[in-house]
Amino acid sequence: MASAGIQRIDVGALPAAPLDAAAMFQNDWLAAIRQATERADCIIVLGVADHTHRNWRVAMVRGLAREAAPRRVNIVAGNEQDAVDAALAYLASAPGITGQLLDVDGDGKTAAGIQAA
């Protein structure tokens, strides 16, 4: 759990090829994520991937957010726990944000510059 009312879903390793990663995400995770959004806002945590994965990730989070409304769905992508935790804390305190992909780096910051506490 990220915090009360928010379900954190940690997706395991995905294939390096974007089409394979998207297919695996859909086959292995989509049904469980949809079920989770019936109960709570969801933050999906993915590992870092190169730019070729951005389109499927954005399409997935936006589609899930539209389906789940008024519940929120966001994706945080990162391998550094401090950076992921900072993004999770930010999203927990920002109830208007949904349908977003936040890529975080190893300096404890998101692409938007949110600093870990």
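A few comments on the model shown:
- Assessment of the range 26-43 against the conditions (loosely packed, with under 14 Cβ neighbours inside 10 Å, in contact with a Gly (Cβ under 7 Å, 6 or more places away or on another chain) and not in a strand (DSSP E or B)) yields no matching residue.
- Identity of the residue in the range 81-102, outside any helix (DSSP H, G or I) and either among the polar types (S, T, N, Q) or under 16 Å from I9 (Cα atoms) (or both), that ends up modelled with the lowest pLDDT: S93
- Across the range 1-25, the number of residues qualifying as in contact with a strand residue (DSSP E or B) (Cβ under 8 Å, 6 or more places away or on another chain), within 22 Å of A83 (Cβ to Cβ) and in a loop (DSSP other than H, G, I, E, B) comes to 4.
- Complete set of residues in the range 1-19 that are surrounded by fewer than 12 Cβ atoms within 10 Å (Cβ to Cβ), under 21 Å from R72 (Cα atoms) and in contact (Cβ under 8 Å) with a residue 12 or more places away in the chain: D10
- Pairs with Cβ under 8 Å, 6+ apart, first in the range 83-109 and within 14 Å of Q7 (Cα to Cα) and of a type in the set (V, I, T), second at pLDDT 95 or above and surrounded by fewer than 19 Cβ atoms within 10 Å (Cβ to Cβ): T98/A69
- Count of the range 44-70 residues, restricted to those that are free of Cβ contacts under 8 Å to residues at least 12 places away in the same chain and either assigned to a strand (DSSP E or B) or acidic (D, E) (or both), is 1.
- Among the residues listed as A22, A31, A40, the single one being farther than 21 Å from D103 by Cβ and touching a residue at least 12 places away in the same chain (Cβ under 8 Å): A40
The values are calculated or read from the model by the stated rules, or taken from the named source; none is laboratory data. Bear in mind that the values here come from a model prediction, so they are computed numbers and not experimental data. Note: ideal-geometry Cβ built from the backbone for every residue, glycine included; neighbour counts use all protein chains shown.
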